[in-house]
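One structure below.
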Amino acid sequence: MATIALTKDNFEQVVNGNGMVLVDFWAPWCGPCKGFAPVFEATSEKHTDIVFGKVNTDDEQDLAASFNIRSIPTLMFFREKSDPLLSGGRASGFGARAGHYPGQGTRDGEGAQENCRTRAGRAAGLSRGN
């Protein structure tokens, strides 16, 4: 499966409508992003059970900001509507804040799932002018 371009208009639908989604936050001017792109694309072809999405942080600044993206490339893995499980980039990125939201370290992940729904909803709300 090829990668999917994610925007504020389709992000919530893609994340909530699939069991596993790996999201690459990138920009066209980013050298490491350009180097990683072929690997991400090839991996998407090998693992068709996972949805691979890409967010162009230049075009989708509000969406990137809603996830507190501070460096790229950054990867986030969403599983069954839960919070991102994996984050790349520098420590100032979203992954460094992972311990600061509800549900971190719980067995059931209720807080983490609620936090993801809130973040995805916020990102989708941007497209509705909220």
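A short reminder: the numbers here are calculations on the coordinates, not readings from a lab. Predicted model, so just to flag it, every value in this text is computed and none were measured.
Which of rounded, prolate, oblate describes the range 25-85, given a ≥ b ≥ c as roots of the alpha-carbon gyration tensor eigenvalues and a/c under 1.5 marking rounded, otherwise prolate only if a/b is larger than b/c?
Oblate.
Among rounded, prolate and oblate, which fits the range 7-57 when a ≥ b ≥ c are the square roots of the eigenvalues of its C-alpha gyration tensor, a/c under 1.5 means rounded, and a/b larger than b/c means prolate?
Oblate is the answer for the range 7-57, as a/c is 1.5 or above yet b/c matches or exceeds a/b.
For THR74, list long-range residues whose amide hydrogen, built 1.01 Å from N in the peptide plane, is under 5 Å from its own amide hydrogen.
Answer set, sorted by chain and number: PHE25.
List every residue whose amide H lies under 5 Å from the amide H of ALA5, counting only residues 5 or more places away in sequence or on a different chain, with H placed 1.01 Å from N in the peptide plane.
So ALA5 has HN proximity to LYS54.
Pop out the ³J(HN,Hα) list for the range 51-66 in order, Karplus 6.51 cos²θ - 1.76 cosθ + 1.60 with θ = phi - 60°, rounded to Hz; leave Gly and Pro as x.
Calculated HN-Hα couplings, in order: 8, 10, x, 10, 10, 6, 5, 6, 7, 10, 4, 5, 5, 4, 5, 5 Hz.
Give a residue-ordered list of calculated ³J(HN,Hα) values for the range 5-11 (Karplus: 6.51 cos²θ - 1.76 cosθ + 1.60, θ = phi - 60°; whole Hz; x for Gly, Pro).
With the stated coefficients, the range 5-11 comes to 6, 9, 10, 5, 7, 10, 4 Hz.
Antiparallel versus total DSSP beta bridges in the range 1-79: what percent is that, nearest 5?
The antiparallel proportion sits near 45 percent.
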